[in-house]
Amino acid sequence: MSDIVPIKLVCLDLAGTTVGDIAMVERAFAEAIATQGIVPGTGAYARAMVHVHRSRGCPKIDVFRGIFPGNEAQAQAANLTFERSYEGAIERAGLEPMPGVLEVLDKLRGNGIKLALITGFSRTTLGRILGILGWHDKIDLAISPEDAGGRGRPWPDMVLHAVLRLGVDDVRQVAVLGDSESDMLCAKRAGASIVAGVMTGVHSRERLLKGGATHILDSIQDFPGLVLSDDLGTTQVASSAR
């Protein structure tokens, strides 16, 4: 008999997991660092974009602090440009939810599971995203790093903030889905029973497993079957993460 407790809370990432805006995010990063003198075609630009890719899922200001170490003013200026660029892009082009994501949200909530969106975007940008998506009635909570005391992924704070805010009794009742290594680290450190990596975003299967993924999914549409399963034992983990 499985000793896994039922899942009561699901925490979902945004870019690359529930919405497909990876290209817009990349362009906003490129525009932001260009305003600070790091332009395409240079070695500095290539190194900066490698750092951006490796740091996906982390708070955006922390990404820029990694690109401009020891220069908080430059990091803050780049972050401001990023937010303006990205918010302008989504205002013009909108956001495209991943295929089947609305059905997934409805199915999970229909089974009594609370839903939280967690992201590395600022609270202001997150508000713009929610306004465009119109998901306020689809989720129970949306969390940015500022909401959790300033620490975003890979720290566990945002998941634990959701646990406290939504009255979940046990961290083992939590499932997390994301597309980056930092998503997996955050979920693992928070004690979630399901740490699911999805292959629709930025990081490879190997990176997701390195971060602590217990399951690897091809699509968010596979997630309800995992969360609502009566058996989340080692056999299922092994077969889904092969």
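The values are calculated or read from the model by the stated rules, or taken from the named source; none is laboratory data. This structure is a prediction, so every number in the text was calculated from the model and none was measured. Cβ placement follows ideal geometry from the backbone for every residue including glycine, while neighbour counts extend to all protein chains displayed. Note: accessible area is taken over every heavy atom of the protein model, side chains too, but ligands, DNA and RNA are not part of it. Shrake-Rupley method; radii C 1.70, N 1.55, O 1.52, S 1.80 Å.
A few notes on this one:
- Wholly within the range 25-113, helices (runs of 4 or more DSSP H) carrying at least 1 residues that are closer than 30 Å to Lys138 by Cβ, among the small types (Gly, Ala, Ser) and at pLDDT 95 or above: 72-93, 101-110
- Inspection of the range 27-45 finds no residue satisfying the criterion of being touching a Gly at 6+ places or on another chain (Cβ under 6 Å) and buried (at least 16 other Cβ atoms within 10 Å of the Cβ).
- Annotation note: Cβ proximity below 7 Å between a residue of the range 148-163 that is touching a residue at least 60 places away in the same chain (Cβ under 8 Å) and a residue that is polar (S, T, N, Q) and part of a helix (DSSP H, G or I) (sequence gap 6+ or interchain) occurs for Arg153/Ser182; Pro154/Ser182.
- When Val159 is tested against (1) touching a Gly at 6+ places or on another chain (Cβ under 8 Å); (2) of a type in the set (Val, Ile, Thr); (3) assigned to a helix (DSSP H, G or I), only condition (1) is not met.
- The range 97-110, residues that are open to solvent by 30 Å² or more (accessible area, probe 1.4 Å) and closer than 18 Å to Val163 by Cα: Arg109
- Scope the range 114-129; condition in a helix (DSSP H, G or I) and either open to solvent by less than 10 Å² (accessible area, probe 1.4 Å) or closer than 21 Å to Leu160 by Cβ (or both); matching residues: Arg123, Thr125, Leu126, Ile129
- For the range 72-96, a residue qualifies if it is farther than 30 Å from Leu164 by Cβ and of a type in the set (A, V, I, L, M, F, W, C), and the qualifying residues are Ala73, Ala77, Ala78, Leu80, Ala89, Ala93.
- Candidates are the residues of the range 15-24 that are modelled with pLDDT under 95 and outside any helix (DSSP H, G or I); the one that is farthest from Asp218 (Cα to Cα) is Asp21.
- Filtered residue count, the range 46-87, keeping only those that are in contact with a helix residue (DSSP H, G or I) (Cβ under 9 Å, 6 or more places away or on another chain), over 25 Å from Trp155 (Cα atoms) and surrounded by fewer than 18 Cβ atoms within 10 Å (Cβ to Cβ): 1
- Residue count for the range 2-21 satisfying the condition of being open to solvent by less than 40 Å² (accessible area, probe 1.4 Å) and either more than 19 Å from the chain's Cα centre (by Cα) or not hydroxyl-bearing (Ser, Thr, Tyr) (or both): 12.
- In the range 27-47, the count of residues that are under 19 Å from the mean Cα position of the chain (by Cα) and of a type outside the set (A, V, I, L, M, F, W, C) is one or more.
- Filtered residue count, the range 131-170, keeping only those that are surrounded by fewer than 18 Cβ atoms within 10 Å (Cβ to Cβ) and either more than 14 Å from Lys114 (Cα to Cα) or not basic (Lys, Arg) (or both): 16
- Candidates Leu133, Leu141, Leu117, Leu209, filtered to the one that is touching a Leu at 6+ places or on another chain (Cβ under 9 Å) and over 22 Å from Met24 (Cβ atoms): Leu141
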